[in-house]
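Take a look at the structure set out below.
The values are calculated or read from the model by the stated rules, or taken from the named source; none is laboratory data. Computed from a predicted structure; not experimentally measured. Here Cβ is always computed from backbone atoms with ideal geometry, including for glycine, and neighbour counts include all displayed protein chains.
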Amino acid sequence: MQLQPVINAVQAALAAQGPLAGGDLAVEEALDHLARALAPAIRQAAMDLAEQAACEVRAQLPDRLVDLVLADGDPSLRITEAPPAAEPASTEDLDARITLRVPPSLKSLIEDAAETAGASVNGWVLDALSKRARKSAGTHGFTTTHSFDL
C-alpha cells in the first residue's frame, strides 16, 4: 500500500478549496499549512486501517500468519504459512485485543526474536506476556539473586 498518493490527494483536495475564498492569499496559505500539517495524521489513520485489514484477513485465514510490515515507510501485509500447531497454551479464544505503541528499536528486537524463534510477532509477544504475567502473579514481593551481608 502506498500512502503518499493518498496524502497527495487529500492535500490537493484542500488546495482546490482555496479559490472559493475569492483569491485571498492568506486563506490559500492557511490551507497549504493545514494540508502539510495533516500528513502525519493521514499516515497514522492509514496505518490503523492497514492493521484493521490485517486483523480481518487474519480472521479469514486461520491457517496463515498475517503480519503488517513496513516497507520504505508504507504498510504491507505479509501472509505466510502457519507453523505446525503446537499444543495450545490455553483453551481460551484469542479474541481480546491490546494495541501497543513501542519504539522502533524495540519493535525490531521483537521481530528479530520472533523470527529466530520461528513464530509470528503476535505469537511471540503473546508467549512473552503470558510468561511474564504468570511469573508476576505468583510473586508477592521481590526476589534477589545476589548475596549480601547484614
Within the range 33-69, can you find the residues that are closer than 19 Å to N8 by Cβ and without any contact (Cβ under 8 Å) to a residue 12 or more places away in the chain?
H33, A37, P40, A41, Q44, A45, L49
Scan the range 69-83 for residues that are within 17 Å of I110 (Cβ to Cβ) and of a type in the set (D, E, K, R) and report the count.
1
Taking the condition of a type in the set (S, T, N, Q), modelled with pLDDT of 85 or more and farther than 30 Å from P5 by Cα, does T139 pass?
no
Would it be correct to say that R64 is in contact with a Ser or Thr (Cβ under 8 Å, 6 or more places away or on another chain), surrounded by 10 or more Cβ atoms within 10 Å (Cβ to Cβ) and at pLDDT 75 or above?
yes
Pull up the range 74-110, narrow it to residues that are farther than 21 Å from P62 by Cα and loosely packed, with under 10 Cβ neighbours inside 10 Å, then point me to the one that is modelled with the lowest pLDDT.
L100
Any residue at all in the range 34-42 that is within 30 Å of S130 (Cβ to Cβ) and loosely packed, with under 11 Cβ neighbours inside 10 Å?
no
Need the failing condition index for D95 against (1) farther than 16 Å from N122 by Cα; (2) of a type in the set (D, E, K, R); (3) not in a helix (DSSP H, G or I), just the number.
(1)
Count of residues meeting criterion [over 15 Å from V69 (Cα atoms) and of a type in the set (S, T, N, Q)] in the range 95-136
4
Specify the residue that is surrounded by the fewest Cβ atoms within 10 Å (Cβ to Cβ); the eligible residues are those in the range 1-32 that are without any contact (Cβ under 8 Å) to a residue 24 or more places away in the chain and in a loop (DSSP other than H, G, I, E, B).
G22
